[in-house]
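Just below is one structure, and these are the notes that go with it.
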Amino acid sequence: MDDLTEMLKGTLEGCVLEIIGSEETYGYAITRRLNGLGFADVVEGTVYTILLRLEKNGLVQATKRPSGLGPPRKFYVLNDAGREELARFWAKWEYITSRIDKLKEGGR
Amino acid sequence: MNFWETMTGSDLTREWKAFETRAKELPADYRAAWEEIKGHLSPYADFTGRNLMPILDNALGLLEETASDGQSIHEVLGDDIEGFCAALAGGEGARNHRDRWREQLNRNVAKKLGRLGG
């Protein structure tokens with residue numbers, strides 16, 4: 001599906017939190033995971049800026065580890081604040097989707 | 001950073017040189033992207049451009065990591081380098097000229113209004 005980017009923008013941060021929440025991971029793997037889900041437009045730069053923001057807001061813990069070749073990679077895990085933020089994201093998501101579904105079904 | 005460096009910006013020149021040395025090691029399409037990134041980030045610079053240094057360092061770091069992975073520059077930045085730069089600068093809290101002008105204007109207006117009211 002094309003042109004999902006605009007709609008995705010606000011939710012991408014939550015998606016990245018969810019992916020980090022399921023296992024310790026790094027930027028490239030997160031991007032590929034999102035691509036695999038069908039979000040083809042998401043590039044590593046997008047994920048990178050989100051990761052910087054999450055780190056700055058104290059929602060993740062980052063650890064630098066050497067990689068097979070090239071510079072070390074940064075791995076991310078959620079901390080307590082991150083897990084709380086993720087729970088808030090899903091609550092908001094639930095609210096929005098239930099409202100929009102209602103609208104679509106013609107309810108009031 | 002010592003006083004002399006602050007006044008002359010000589011530490012900035014040195015940092016710029018270090019960036020360019022690192023950038024030279026990148027593949028050609030990455031170097032082109034680096035030039036574009038610098039262009040898109042410059043509106044976010046403060047008077048000396050010092051606030052951009054950590055942001056540029058981050059951006060260059062990403063280019064280095066992904067280039068050594070053998071990813072294409074398109075896989076890394078897509079078509080929207082400007083958007084990437086805005087997100088980087090915003091994420092780091094860079095304040096651009098417009099923000100500061102707006103603040104100054106607000107302050108001046110508030111001052112004038114205060115004088116009228118008082």
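The values are calculated or read from the model by the stated rules, or taken from the named source; none is laboratory data. Predicted, not measured: the structure shown is a model, and the values here were computed from it. All Cβ positions, glycine included, derive from the backbone under ideal geometry; neighbour counts span all protein chains shown.
Kindly evaluate A:T97 against the criterion of being under 14 Å from the mean Cα position of the chain (by Cα) and assigned to a helix (DSSP H, G or I). Answer is no for this residue. Residues in segment B:30-69 that are away from every other protein chain (no Cβ under 14 Å), among the acidic types (D, E) and touching a residue at least 40 places away in the same chain (Cβ under 8 Å): 1 in all.
If you filter segment A:32-64 down to residues that are at the interface with chain B (Cβ under 8 Å from one of its Cβ atoms) and farther than 19 Å from B:P54 by Cβ, you find that the one that is modelled with the lowest pLDDT is A:D41.
Residues of segment B:70-89 being farther than 11 Å from B:Y30 by Cβ and within 7 Å of chain A (Cβ to nearest Cβ), which ones? Across segment B:70-89, the qualifying residues are B:E75, B:G78, B:F84, B:A87, B:L88.
Taking the conditions (1) within 9 Å of the chain's Cα centre (by Cα); (2) surrounded by 15 or more Cβ atoms within 10 Å (Cβ to Cβ); (3) assigned to a helix (DSSP H, G or I); (4) not acidic (D, E) in turn, B:R50 satisfies each one other than (3). Considering only residues of segment A:38-56 that are surrounded by fewer than 19 Cβ atoms within 10 Å (Cβ to Cβ) and in contact (Cβ under 8 Å) with a residue 12 or more places away in the chain, which is farthest from B:T66 (Cα to Cα)? Ranking the candidates gives A:G38 first. Taking A:G14, is it small (G, A, S), closer than 22 Å to B:H74 by Cα and touching a residue at least 24 places away in the same chain (Cβ under 8 Å)? No. Note on segment A:68-108: residues that are surrounded by 13 or more Cβ atoms within 10 Å (Cβ to Cβ) and within 21 Å of A:E44 (Cβ to Cβ) amount to 9.
When the criteria are applied in full, A:Y28 meets the requirement of being of a type in the set (F, W, Y), touching a Lys or Arg at 6+ places or on another chain (Cβ under 9 Å) and modelled with pLDDT of 90 or more. With respect to (1) part of a helix (DSSP H, G or I); (2) within 13 Å of chain A (Cβ to nearest Cβ); (3) buried (at least 16 other Cβ atoms within 10 Å of the Cβ); (4) not β-branched (V, I, T), the lone exception for B:F19 is condition (2).
Within segment B:69-118, restricting attention to residues that are outside any helix (DSSP H, G or I) and exposed (fewer than 12 other Cβ atoms within 10 Å of the Cβ), the residue that is modelled with the lowest pLDDT is B:G118.
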